[in-house]
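Scroll down for the structure; my scribbles are underneath it.
The values are calculated or read from the model by the stated rules, or taken from the named source; none is laboratory data. All values reported here derive from a predicted model rather than from experimental measurement. Cβ placement follows ideal geometry from the backbone for every residue including glycine, while neighbour counts extend to all protein chains displayed. The area values use the complete protein model at the heavy-atom level, side chains included, leaving out ligands, DNA and RNA. Shrake-Rupley method; radii C 1.70, N 1.55, O 1.52, S 1.80 Å.
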Amino acid sequence: MSATPRFRQGAGRLCLDFVRTLRHRGSPDVVEELPDAEAVLAWVRQCGPCADATGRPDAADARALREAVHTLLTDARSGRTPDARSRDTVNSAAAHAVPVPRLTSTGQLTQHADDPVRATLALVARDALDLVTSPSLARLRTCAGPTCGALFLDISRPGNRRWCSMGTCGNRAKKETLRGRTV
């Protein structure tokens, strides 16, 4: 029996799932999901390609990368010149080696890295750099949930998705609308 995932996924890109580790960004209900090394390692194991990752990552460095990615994305989305400090942080993280595929003796494909945390964060940084320079940036959205603030990639055909997840924020909004009609 598998445990319930600790971190939200499904934003459409690895870098966006990483940015989501600061829940309710900009609201009084903000929740830090990467407070320590164990949490960073748990995120890498759940969301990255190295499910058996070990090590003692620097949580402050991971949070700094997350905030740099967020700034880079919001600057690019707004048409602003990328913040130099954020750009340098993301570029530096992207320069590290990424996990490499390996075929096991049983024919399974796995990913390996000497430093799986740093390698996964390099993937996050590279994904952010790709996103800010791609046409997909036009589909980057902020959740319409009043206290959510999560970024997500709108891959719906009409391009009018409003919530990071119908299961959470979208459902909450529908319940509020229904309550307003019954009062």
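Just a few scattered comments:
- Against the conditions (1) free of Cβ contacts under 8 Å to residues at least 60 places away in the same chain; (2) surrounded by fewer than 21 Cβ atoms within 10 Å (Cβ to Cβ), Gln111 satisfies every one except (1).
One line per residue, one yes/no per condition, for (1) within 21 Å of Leu22 (Cα to Cα); (2) among the charged types (D, E, K, R); (3) in contact (Cβ under 8 Å) with a residue 24 or more places away in the chain; (4) in contact with a helix residue (DSSP H, G or I) (Cβ under 8 Å, 6 or more places away or on another chain):
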site: Thr54; (1), (2), (3), (4): no, no, yes, yes
site: Pro57; (1), (2), (3), (4): yes, no, yes, yes
site: Ala62; (1), (2), (3), (4): yes, no, yes, yes
site: Ala84; (1), (2), (3), (4): no, no, no, no
site: His96; (1), (2), (3), (4): no, no, yes, yes
site: Pro101; (1), (2), (3), (4): no, no, no, no
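- Condition met for Thr81 (at pLDDT below 95, part of a loop (DSSP other than H, G, I, E, B) and farther than 17 Å from Asp127 by Cβ): yes
- The set of residues in segment 120-144 being touching a residue at least 60 places away in the same chain (Cβ under 8 Å) and touching a Cys at 6+ places or on another chain (Cβ under 7 Å) consists of Thr120, Val124, Asp127, Ala128, Leu131.
- Boolean, Arg6 is in contact (Cβ under 8 Å) with a residue 24 or more places away in the chain, open to solvent by less than 70 Å² (accessible area, probe 1.4 Å), of a type outside the set (A, V, I, L, M) and on the phi < 0 side of the Ramachandran plot: no
- Single match in Ala39, Ala11, Ala51 (criterion: farther than 15 Å from His70 by Cβ, part of a loop (DSSP other than H, G, I, E, B) and not polar (S, T, N, Q)): Ala51
- Qualifying positions in segment 11-54 - touching a Gly at 6+ places or on another chain (Cβ under 9 Å) and open to solvent by 50 Å² or more (accessible area, probe 1.4 Å): Arg23, His24, Gly26, Val30
- Number of the condition not met by Arg85 [criteria: (1) open to solvent by 50 Å² or more (accessible area, probe 1.4 Å); (2) in contact with a His (Cβ under 9 Å, 6 or more places away or on another chain)]: (2)
- Residue match in segment 94-103 (condition: more than 20 Å from Phe7 (Cβ to Cβ) and surrounded by 19 or more Cβ atoms within 10 Å (Cβ to Cβ)): yes
- Residue count for segment 58-82 satisfying the condition of being buried (at least 16 other Cβ atoms within 10 Å of the Cβ), under 21 Å from Ser134 (Cβ atoms) and not basic (Lys, Arg): 11.
- Test: residue in segment 47-59 that is at pLDDT below 95, more than 21 Å from Thr142 (Cα to Cα) and among the charged types (D, E, K, R): yes
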